[in-house]
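Here's the structure we're looking at; comments come further down.
Throughout, read-outs are computed from the coordinates displayed, never taken from laboratory work. Every value quoted in this text rests on a predicted model; they were computed, and no experiment measured them. Cβ: placed from backbone, ideal geometry, glycine included. Neighbour counts: every protein chain shown.
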Amino acid sequence: MSESRAPARVRRVLDTELIVKAAIAIADQEDLAALTMRRLAQDLDVATMTVYGYFDNKEQILDAMADSIMGGFDAPIDAEDATPRAVFVSVTTAFAELLRTHPSVARLLTMRVTDSPLALDGSMEKILDRFIASGMDGPTAVRAYGAMMQYSLGNVLYQLPRPWGDLPAEETRVTRSTFYRSLDAERFPRLNELADLLPGLPSTQQFLVGVLAIADGLGLE
């Protein structure tokens with residue numbers, strides 16, 4: 001009788017792109033603290049040393065994540081309205097959406113400085129060039145860029161744990177309104193009074209209000 005054998009385990013084909021995609025998924029769905037070489041290997045179903053064959057450490061993976069996400073950012077172009085104000089609003093809105101899609105980037109920007117040429121090209125060079133091409137002078141473009149980065153980052157980090165902002169009124173926003181109304185009216189008179197409006201603070205609509213206010217403050221027309 002021939003001796004039966006267990007089927008051989010198929011060796012997984014691995015490359016840097018696949019590793020980076022897995023790292024982004026972990027960081028986006030959980031946080032950067034959850035991203036370790038061992039966890040990455042587990043999700044990829046390979047030995048930890050296999051991952052080390054592509055990246056020396058977690059720092060290199062973080063740089064590769066920045067390259068993949070920020071390096072690929074393509075600021076929108078509106079051929080019909082290319083004024084400084086319109087460009088600032090559209091680029092800032094698109095950048096904030098990138099951060100919402102990939103919260104790992106928002107966390108990266110609060111933890112470390114990325115000097116990768118590819119990430120700098122997508123997230124700085126092209127945006128500054130777009131601002132200047134719209135008619136901004138250099139100092140205004142730099143101020144607009146700083147305002148875009150800081151406001152978008154702050155908004156997304158505020159919004160992440162408060163997902164009710166963009167939900168329909170009959171869902172979580174109603175629950176939040178009810179919560180504010182349940183507070184002691186003597187101690188929290190304004191929260192009671194504004195209970196129906198406060199759940200909209202982390203909303204995309206509120207974000208746009210801030211973007212337009214910044215554009216006014218920068219004198220963009």
Net charge of Cβ neighbours under 15 Å - reference TYR180; Lys, Arg +1; Asp, Glu -1: +2
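With a length cut of 24 Å (Cα positions projected on each helix's long axis) and a Kyte-Doolittle mean of at least 1.6, go through the chain and give me the DSSP H helices that pass. Intermediate values should be presented prior to the final figure.
Numbers: long enough: 84-101 (25 Å, 0.79); 138-159 (31 Å, 0.09).
TM-like helix candidates: nothing returned.
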Loop-resident sites, the range 172-221, for trypsin sites (Lys or Arg not before Pro), counting at most 11 other Cβ within 10 Å (DSSP): ARG187
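Using only the Cα atoms of the chain, what semi-axes does the equivalent ellipsoid have when each is the square root of 5 times a gyration tensor eigenvalue? Give whole Å, largest first. Kindly include the intermediate steps, with their values, before the conclusion.
On the way: eigenvalues 315, 159, 39 Å².
For the chain, the ellipsoid semi-axes come out as 40, 28, 14 Å.
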Got a sec? Charge dipole of the chain, +1 on Cβ for Lys and Arg, -1 for Asp and Glu; which of GLN206, SER152, THR50 is way out at the positive end? THR50
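Which whole-number percentage describes the relative contact order of the range 16-70, with Cα contacts under 8 Å and a sequence gap of 6 or more?
Values: 38 pairs, mean separation 20.2, N = 55.
Dividing the mean separation by the residue count of the range 16-70 yields 37 percent.
With an 8 Å Cα cut-off and a minimum separation of 6 or more residues, compute the relative contact order for the chain in percent.
Numbers: 210 pairs, mean separation 40.9, N = 221.
Worked out over the chain, it gives 18 percent.
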Compute the distance in nm between two label points, each set 7 Å from the Cα along the Cα-to-Cβ direction, one at LYS126 and one at LEU160. 2.3
Chain lengthening between ALA33 and PHE188 when straightened (0.36 nm per residue, less Cα-Cα): 52.2 nm
If the elastic network links every pair of Cα atoms under 10 Å, which of VAL51, VAL89, VAL113 fluctuates the most in the Gaussian network model of the chain? VAL113
Residues in the range 84-125, backbone N under 16 Å from the label point at GLU59 (7 Å along the Cα-to-beta-carbon vector): list them, ranges by number please. 111-117
Overall dimensions of the range 13-133 as given by Cα atoms, namely Rg and Dmax in Å: 16.3, 53
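By counting other Cβ atoms within 10 Å of each Cβ, how are LEU160, LEU197 ranked from fewest to most?
Fewest-to-most Cβ neighbours within 10 Å comes out as LEU197, LEU160.
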If I build a Gaussian network model for the chain, linking alpha-carbon pairs within less than 10 angstrom, which residue out of GLU193, GLU59, GLU17 has the largest mean-square fluctuation? GLU193
